[in-house]
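J.: Dropping the structure in here first, questions after.
Please treat every number below as a calculation from the coordinates, not as lab data. Please read these numbers as outputs of a predicted model, since none were measured by experiment. Ideal geometry is used to build each Cβ from the backbone, glycine not excepted, and the neighbour counts take in all protein chains shown.
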Amino acid sequence: FHMGNQYRKTASHNMNTNSSRSHSLFYLHVSKRSKKDVELWHSKLTIVDLAGSERVSKTKSSGEVFREAVAINQSLSALLDVIKALSKKKIVVFRQNLLTLYLKDSLINSYFALICCCAPGAADLDETICTLSFGSIAKSVTITRSRNVMRSPRQSSRNVWGLGNIEKEVQVSVEEYEEVCRELEQHKAASARHGEELQKLEQ
């Protein structure tokens, strides 16, 4: 974690002398195997430090710092779109930005917490309102969760064996159905012959 943080790029502008020029993501993977060695549970903890949205009119940034600010704002806008779509239970497009693509696993089938950092000064009122609005939308998101479980080779072979039995049962059912259809056609033909014979007798 500390090594990754050392490589994080910062720059200075009118609003911050040590401004982060990128988002930071830290992943912690945890695996747990069941006592009978049948199932393997996988979990992932994602810690994200989002770079703050910047208004060029306040930061007075230019050149590379300006281009980085544009990229940061675009990624935050894409994340807001994803959060809005999740809150309204609409189709979510994660591939519109690398940030949302990397956070996909953390926003579906997961627990997530959001900490909003706000400045108390009156000069930062607009940014504070936007941040709190983002937090309010994120708060309305509900996520359906399920365990991430992998079966062991032994259990997988059992599942394959079970699937083979099911396929055999389905094949037997199909053959029985076809046999019933043939018998039904034979009964229909026999009934037709009996009807013709009955008509001849009545004449």
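J.: So, in the range 109-128, how many residues would count as being farther than 17 Å from LEU50 by Cα and either surrounded by 15 or more Cβ atoms within 10 Å (Cβ to Cβ) or charged (D, E, K, R) (or both)? It would help to see each step written out before you state the result.
T.: As a first pass, look at the range 109-128 and keep what is farther than 17 Å from LEU50 by Cα: 109-111, 120-126.
Imposing the further condition that a residue be either surrounded by 15 or more Cβ atoms within 10 Å (Cβ to Cβ) or charged (D, E, K, R) (or both) reduces the set to 110, 124, 126.
Qualifying residue count, the range 109-128: 3.
J.: Test each condition in (1) surrounded by 14 or more Cβ atoms within 10 Å (Cβ to Cβ); (2) more than 12 Å from the chain's Cα centre (by Cα); (3) of a type in the set (Val, Ile, Thr) for VAL82 and report the one that comes out false.
T.: For VAL82, the exception is condition (2).
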